[in-house]
Amino acid sequence: MPAGVVVAGSINMDLVATAQAIPRPGETLAGKTFARFPGGKGANQAVAAAKLGAPTTLLGCLGRDSFAAELRAHLAENDVRVQVAEVDAPTGTAMIVVDEVGENSIVVIPGANARLHAGMLAEVPIHRGDVLVAQLEVPVDTVAAFFERGRAAGAVTMLNAAPAVPDAELLLPLADILVVNEIELAIFSGMAASSREQQVEAALACRRFREQVVVVTRGREGSIAIDADQVIDHPGHAVTAVDTTGAGDCFVGALAARLCAGDPLAAGLAYANSAASICVQRPGAGPSMPTAAEIQPDLASYETGEPT
């Protein structure tokens, strides 16, 4: 059976307002547009992987409301195999403000996502070579059980440690691949992480065992990965961002898809960088994930990262 991507994570409806700037505390601004888009870190990552050709399964929870029906339809349209439980809680939502340069501010209301528990994942088939992906918009103990099963089956475990929650430290030793942004890196390492040199040192501090890969997503600056004794740099792409919501999820889903297909890490990172650069040029999270056909021409002119 071919390897696949199995994602355990959140499914949200994103309520997105655009404005000239992100409001400061106590400030009211006139918005430009409002829209709702399918989202949630788990759903975004699953859609990204599926659109890039990986057999993908999403495990999560939805409420019994109109948002749930829309989100199920979105996942089905994007070839994601859905194993979702309906629970007595509202479907998760995210309140998002996007400014004129595409940066965002997000408040997530977990709702049904907080009900995802280990028992719901116990019967899900996991095979050697699968890539298991999780984030922190669902309970930490659920992710721990998911990764422990994956480790036992010979799967690769990938943790996108976002958002940074206090007890997430318990999960770091269970992740074969840890993906964090600059803010999360600083939180988990307890170190400054603004420059490239600081980020390398902080990533090494986050590493819980030598074989663990730590990937730092750096927005328009690209990404850095620590792999054993190597530091792999991938510069960013020069694009005009419309909405950065979901870019990190696109990166994670694309990397999982390529590792599942057998790519080496450096090639997978180049592919993920390219995918994320396309994602930010479109509004919304779930609908902005690119296809493989869109990424290939972009990769042809993109220099892959070199280990140092």
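The values are calculated or read from the model by the stated rules, or taken from the named source; none is laboratory data. Source: prediction; values computed, not measured. Neighbour counts run over all protein chains shown; Cβ positions are idealised from the backbone, glycine included. To get the accessible areas, we keep the full protein, side chains included, count just its heavy atoms, and leave off ligands, DNA and RNA. Shrake-Rupley method; radii C 1.70, N 1.55, O 1.52, S 1.80 Å.
A few notes on this one:
- Residue count for the stretch 84-136 under the criterion of being farther than 17 Å from Leu59 by Cα and among the basic types (Lys, Arg): the result is 1.
- Pairs, first over 15 Å from Arg149 (Cα atoms) in the stretch 172-189, second open to solvent by 40 Å² or more (accessible area, probe 1.4 Å) and charged (D, E, K, R), C-beta under 6 Å, six or more apart: Leu172/Arg208
- Any hit, the stretch 47-65, residues being within 20 Å of Ala17 (Cβ to Cβ) and either more than 15 Å from the chain's Cα centre (by Cα) or assigned to a helix (DSSP H, G or I) (or both): no
- Within the stretch 1-25, tally of residues that are assigned to a loop (DSSP other than H, G, I, E, B), open to solvent by 10 Å² or more (accessible area, probe 1.4 Å) and farther than 19 Å from Tyr271 by Cα: 8
- Candidate set from the stretch 282-298 (those that are touching a helix residue (DSSP H, G or I) at 6+ places or on another chain (Cβ under 7 Å) and at pLDDT below 85); member that is most open to solvent (accessible area, probe 1.4 Å): Asp298
- Candidate set: the stretch 221-244, residues that are open to solvent by 10 Å² or more (accessible area, probe 1.4 Å) and hydroxyl-bearing (Ser, Thr, Tyr); chosen: the one farthest from Leu58 (Cα to Cα): Thr240
- Number of positions in the stretch 131-158 that are open to solvent by less than 10 Å² (accessible area, probe 1.4 Å) and in a helix (DSSP H, G or I): 5
- Failed condition for Glu123, given (1) without any contact (Cβ under 8 Å) to a residue 40 or more places away in the chain; (2) part of a helix (DSSP H, G or I): (2)
- Residue list for the stretch 107-119, restricted to those being in a helix (DSSP H, G or I), of a type in the set (A, V, I, L, M) and surrounded by 20 or more Cβ atoms within 10 Å (Cβ to Cβ): Ala112
- Matching residues in the stretch 31-81 - criterion: being out of contact with any strand residue (DSSP E or B) (no Cβ under 8 Å at 6 or more places or on another chain) and either among the basic types (Lys, Arg) or open to solvent by 10 Å² or more (accessible area, probe 1.4 Å) (or both): Lys51, Leu52, Gly53, Asp65, Ser66, Ala69, Ala73, Glu77, Asn78
- Thr28 of a type in the set (Ser, Thr, Tyr), under 24 Å from Phe146 (Cα atoms) and open to solvent by 10 Å² or more (accessible area, probe 1.4 Å): no
- Residues that are in a loop (DSSP other than H, G, I, E, B) and hydrophobic (A, V, I, L, M, F, W, C) were ranked within the stretch 164-198; the one that is surrounded by the fewest Cβ atoms within 10 Å (Cβ to Cβ) is Ala192.
- Residue count, the stretch 75-88 (criterion: over 20 Å from Val138 (Cα atoms) and not in a loop (DSSP other than H, G, I, E, B)): 2
- Options Glu201, Glu211; residue that is more than 30 Å from Val82 (Cβ to Cβ), part of a helix (DSSP H, G or I), modelled with pLDDT of 95 or more and open to solvent by 30 Å² or more (accessible area, probe 1.4 Å): Glu201
- Subset of the stretch 66-118 [free of Cβ contacts under 8 Å to residues at least 24 places away in the same chain, more than 18 Å from Lys41 (Cβ to Cβ) and within 21 Å of the chain's Cα centre (by Cα)]: Ala73, Ala76, Glu77
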